[in-house]
Amino acid sequence: MKPTDKQKKVITNILSTIKYWSNTNDITSPSHLTLIEEDMNSLADELDMEYDDNNIEELVSKLSDLYFAIRKFA
């Protein structure tokens, strides 16, 4: 089964967030966590979902986990 349009938007948003991390001049900046939340909030608006929707909250949590895991590589 091919990804739906919503799934494609989620994937595109996640890829954009990760690309931003790869180009940052300070991977340890706490602003990255704020940006994750802001990006997912914008995504929720775009997809006509509430931010507190469990799916959006889960994306924020998982992206934050991924961000912290990446930071461990020095």
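The values are calculated or read from the model by the stated rules, or taken from the named source; none is laboratory data. All of these numbers come straight from a predicted model, not from anything done at the bench. Neighbour counts run over all protein chains shown; Cβ positions are idealised from the backbone, glycine included.
Structure summary
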| quantity | calculated |
| --- | --- |
| Residues being in contact (Cβ under 8 Å) with a residue 40 or more places away in the chain and over 13 Å from THR17 (Cα atoms) - total across the range 39-69 | 1 |
| The range 9-31 - residue that is among the charged types (D, E, K, R) and at pLDDT 95 or above and, of those, nearest to LYS72 (Cα to Cα) | ASP26 |
| Failed item, numbered, when PHE68 is tested on (1) assigned to a helix (DSSP H, G or I); (2) over 14 Å from the mean Cα position of the chain (by Cα); (3) of a type in the set (Phe, Trp, Tyr) | (2) |
| Scope the range 23-34; condition among the polar types (S, T, N, Q) and touching a residue at least 40 places away in the same chain (Cβ under 8 Å); matching residues | THR28 |
| Residue in the range 2-22 that is free of Cβ contacts under 8 Å to residues at least 60 places away in the same chain, among the polar types (S, T, N, Q) and exposed (fewer than 10 other Cβ atoms within 10 Å of the Cβ) present | yes |
| Residue that is modelled with the lowest pLDDT, among those in the range 32-62 that are in a helix (DSSP H, G or I), among the hydroxyl-bearing types (Ser, Thr, Tyr) and surrounded by 11 or more Cβ atoms within 10 Å (Cβ to Cβ) | SER42 |
